[in-house]
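Encoded as structure tokens, the structure appears first; notes follow it.
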Protein chains: 2
Amino acid sequence: MDLRQPSSTVYGMRLKEAIVLLIFAICSKAANSNPYRRPITDTQESAGATAAYCLSWRLAVEANNLRAWRTVPIQCLRYIEGYMTLGQYERDLNFIVENIINDYIEEIILENDGSDAWILDVDDTCISNLLYYKGKRFGCDPFDPMAFKTWALKAECSAVPAVLILFNKLMEKGIKIFLITGRDEITLGQATLDNLYNQGFIGYERLILRSKAYRGKSAIIYKSEIRKQLVEEGYKIWGNVGDQWSDIQGDCVGERTFKLPNPMYFVP
Amino acid sequence: MDLRQPSSTVYGMRLKEAIVLLIFAICSKAANSNPYRRPITDTQESAGATAAYCLSWRLAVEANNLRAWRTVPIQCLRYIEGYMTLGQYERDLNFIVENIINDYIEEIILENDGSDAWILDVDDTCISNLLYYKGKRFGCDPFDPMAFKTWALKAECSAVPAVLILFNKLMEKGIKIFLITGRDEITLGQATLDNLYNQGFIGYERLILRSKAYRGKSAIIYKSEIRKQLVEEGYKIWGNVGDQWSDIQGDCVGERTFKLPNPMYFVP
């Protein structure tokens, strides 16, 4: 390994190496075939225990066992940083879109009468707040509504690549896309429209933001009521994708729901 | 490291070492502080990619994105074996019971009128089929109903430790426990009763097995109807724990549901 190479490459190499060793430890039956064997120090043992704990914590979040949590446990800061920025988060998103949602879309028989619909959430579904959450220690700091508003007004969220691909596939298929977000309509409406447009989300049917009537209501109640209205308008909701369980629970959730990973925050 | 020690210990040491290296790769910013640095071979690179894929696959299963899957992908055999047998599965179960369900139980205000109820699934919730699935390549082989029946008739499933602790806590609290299982009542009733008893599940309110009327029905429909009957009898279902999404979906699911991990099979 050339130490003059950029540190991100070194980083990546070391991650690969570590993953490989994990596989070795799990897979290999031959006790004396591991060239990396050496004693474990107390510090290393404790780092291993922390990673195992944080993996359990993340699974509990994604399986909807852990609810209404306010912040990422501080001991999981580096773990969540690693998960979000070193490739596994992106791999998880790609897996869901490429191996699950695409297969589902191939199999469904559309009505083709203008009623075929699909729902996408906005924050950390279509567009990413990862850059913002980097400054909030990946969710270890509590939610800061004013700072988030300032961030969202910049309209600088980048597209979530897997979801942009999904978006374009749905558009090609002739499925009408409804974007439903808990963002406030009056203060963040224009910035959200601009941000979606500058990131390539173009041609969707409707962007629905939280109007005055839904202020203070939980996402489950607000989004359920919006979906119910769409169904009453005659739409058939084939799919519903969000990074929060509250995006895909409640009424009229759609024929199939898909939960994208997000270990950084919980929206009730 | 003493190579004469039992291989399970060697195994554990090597797993710890690998986990530690993973943490190192994720956490450490200093490119030149890793004493394990060495070139990655093609085989190692491919093993790392497989582990990353299998982690995405397992997350998709546990978050209920992947449904109606028949077998574990063959490339994930070693990964799932490692997950199930080297500690993370047990840690995940302990986390859910100790850090989530216990907290929930502490917070609820019971009716204390004999109506407080809790539902537990049986297979891979109260008692474990891990030994059986070891012979079925941890789910890489398709479900084999006759072989499973032969296994279940032995009444040799061992208790899932975390769930036995939960069971005893619920008993102490005076909550009535209902065990609901998709196992066939006529052929497996006695063996299941015996197995639960010999593993320490003693004092529950009722064991409900699949009667003739529910043969061929999906678990969601069968279990929903049973729960509905319990609610009509006047029970308040505070919690509902199962290893399958079909245990905790449908009607009358309970005040809170908890999904235990199980990457070995899918019950519709």
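For residues in the stretch B:178-206 being part of a strand (DSSP E or B) and more than 19 Å from the chain's Cα centre (by Cα), which is farthest from residue B:118 (Cα to Cα)? Show your work before the answer.
Filtering the stretch B:178-206 down to residues part of a strand (DSSP E or B) leaves B:178-184, B:206.
Restricting the remaining residues to those that are more than 19 Å from the chain's Cα centre (by Cα) gives B:184, B:206.
Values: B:184: 22, B:206: 11 Å.
Ranking the qualifying residues of the stretch B:178-206, first place goes to B:184.
Output the number of the condition that residue B:264 fails; it satisfies all remaining conditions of (1) assigned by TED's automatic domain parsing to the domain that holds residue B:173; (2) buried (at least 19 other Cβ atoms within 10 Å of the Cβ).
(1)
Residues that are modelled with pLDDT of 55 or more, not in a loop (DSSP other than H, G, I, E, B) and not assigned by TED's automatic domain parsing to the domain that holds residue B:142: does the stretch B:31-42 have at least one?
Yes, there is a match, as at least one residue in the stretch B:31-42 is modelled with pLDDT of 55 or more, not in a loop (DSSP other than H, G, I, E, B) and not assigned by TED's automatic domain parsing to the domain that holds residue B:142.
Taking the stretch B:207-228 on its own, how many of its residues are in a helix (DSSP H, G or I) and either of a type in the set (Lys, Arg) or under 12 Å from residue B:181 (Cβ atoms) (or both)?
8
Filter the stretch A:74-108 down to residues that are outside any helix (DSSP H, G or I) and within 9 Å of chain B (Cβ to nearest Cβ) and give me whichever is nearest to residue A:160 (Cα to Cα). Steps first, answer last, please.
Pass one, the stretch A:74-108, residues outside any helix (DSSP H, G or I): A:86-87, A:108.
Then keep just the ones that are within 9 Å of chain B (Cβ to nearest Cβ); that gives A:86-87.
Details: A:86: 15, A:87: 13 Å.
Out of the qualifying residues, it is A:87.
Which number in (1) within 14 Å of chain B (Cβ to nearest Cβ); (2) polar (S, T, N, Q); (3) under 30 Å from residue A:234 (Cα atoms) marks the one condition that residue A:115 misses?
Exception for residue A:115: condition (1).
Looking at the stretch A:61-73, can you tell me whether even one residue there is part of a helix (DSSP H, G or I) and modelled with pLDDT of 95 or more?
yes
Which condition number does residue A:120 fail, the rest of (1) within 7 Å of chain B (Cβ to nearest Cβ); (2) touching a residue at least 24 places away in the same chain (Cβ under 8 Å) being met?
If we test residue A:120 against (1) within 7 Å of chain B (Cβ to nearest Cβ); (2) touching a residue at least 24 places away in the same chain (Cβ under 8 Å), just (1) comes out false.
Pairs needed: first member in the stretch B:143-162, modelled with pLDDT under 95; second member anywhere, surrounded by 13 or more Cβ atoms within 10 Å (Cβ to Cβ) and aromatic (Phe, Trp, Tyr); C-beta distance under 8 Å; at least 6 residues apart or different chains.
If the second residue must be surrounded by 13 or more Cβ atoms within 10 Å (Cβ to Cβ) and aromatic (Phe, Trp, Tyr), no pairs are left.
Which pairs do you get when a residue that is over 14 Å from residue B:129 (Cβ atoms) and assigned by TED's automatic domain parsing to the domain that holds residue B:169, found in the stretch B:190-204, comes within reach of a residue that is in a loop (DSSP other than H, G, I, E, B) and not hydroxyl-bearing (Ser, Thr, Tyr), reach meaning Cβ atoms under 6 angstrom, with the pair 6+ apart or on two chains?
Final answer for the pair search is B:194/B:155; B:201/B:126.
Do we find that residue A:141 is surrounded by fewer than 19 Cβ atoms within 10 Å (Cβ to Cβ) and assigned to a helix (DSSP H, G or I) in this structure? It would help to see each step written out before you state the result.
Details: surrounded by fewer than 19 Cβ atoms within 10 Å (Cβ to Cβ): yes; assigned to a helix (DSSP H, G or I): no.
No: the conditions fail for residue A:141.
Just to check your reading of the model, which residue among B:215, B:210, B:227 is crowded, with 22+ Cβ neighbours inside 10 Å and more than 24 Å from residue B:130 (Cα to Cα)?
Checking each option against the conditions leaves just B:227.
Determine if the stretch A:206-214 includes at least one residue that is of a type in the set (A, V, I, L, M, F, W, C) and farther than 17 Å from residue A:186 by Cα.
Of the stretch A:206-214, the ones of a type in the set (A, V, I, L, M, F, W, C) are A:207-209, A:213.
Right, trim to farther than 17 Å from residue A:186 by Cα and you get none.
So far as the stretch A:206-214 goes, no, none of its residues is of a type in the set (A, V, I, L, M, F, W, C) and farther than 17 Å from residue A:186 by Cα.
With at pLDDT 95 or above and more than 14 Å from the chain's Cα centre (by Cα) as the only criterion, which of B:90, B:106 stands out?
Testing whether each residue is at pLDDT 95 or above and more than 14 Å from the chain's Cα centre (by Cα) leaves just B:106.
Matching residues to (1) in the same structural domain as residue B:152 (by TED's automatic domain parsing); (2) in contact with a helix residue (DSSP H, G or I) (Cβ under 6 Å, 6 or more places away or on another chain); (3) of a type in the set (A, V, I, L, M, F, W, C):
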| residue | (1), (2), (3) |
| --- | --- |
| B:55 | no, no, yes |
| B:78 | yes, yes, no |
| B:81 | yes, yes, no |
| B:90 | yes, no, no |
| B:99 | yes, no, no |
| B:107 | yes, no, no |
| B:115 | yes, no, no |
| B:123 | yes, no, no |
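Could you pull out the residue among B:244, B:190, B:199 that is touching a strand residue (DSSP E or B) at 6+ places or on another chain (Cβ under 6 Å) and modelled with pLDDT of 95 or more?
Step by step, each of B:244, B:190, B:199 is checked, and only B:199 is touching a strand residue (DSSP E or B) at 6+ places or on another chain (Cβ under 6 Å) and modelled with pLDDT of 95 or more.
Exactly one condition in (1) within 29 Å of residue B:113 (Cα to Cα); (2) without any contact (Cβ under 8 Å) to a residue 24 or more places away in the chain; (3) in contact with a helix residue (DSSP H, G or I) (Cβ under 6 Å, 6 or more places away or on another chain); (4) not small (Gly, Ala, Ser) is not met by residue B:232; state its number.
Of (1) within 29 Å of residue B:113 (Cα to Cα); (2) without any contact (Cβ under 8 Å) to a residue 24 or more places away in the chain; (3) in contact with a helix residue (DSSP H, G or I) (Cβ under 6 Å, 6 or more places away or on another chain); (4) not small (Gly, Ala, Ser), only one is false for residue B:232: (3).
Please work out if residue A:112 is surrounded by fewer than 22 Cβ atoms within 10 Å (Cβ to Cβ) and part of a helix (DSSP H, G or I).
no
The values are calculated or read from the model by the stated rules, or taken from the named source; none is laboratory data. Everything quoted here is computed from the prediction, not taken from an experiment. Cβ coordinates were reconstructed from backbone atoms using ideal geometry, including for glycine residues, and neighbour counts include every protein chain displayed.
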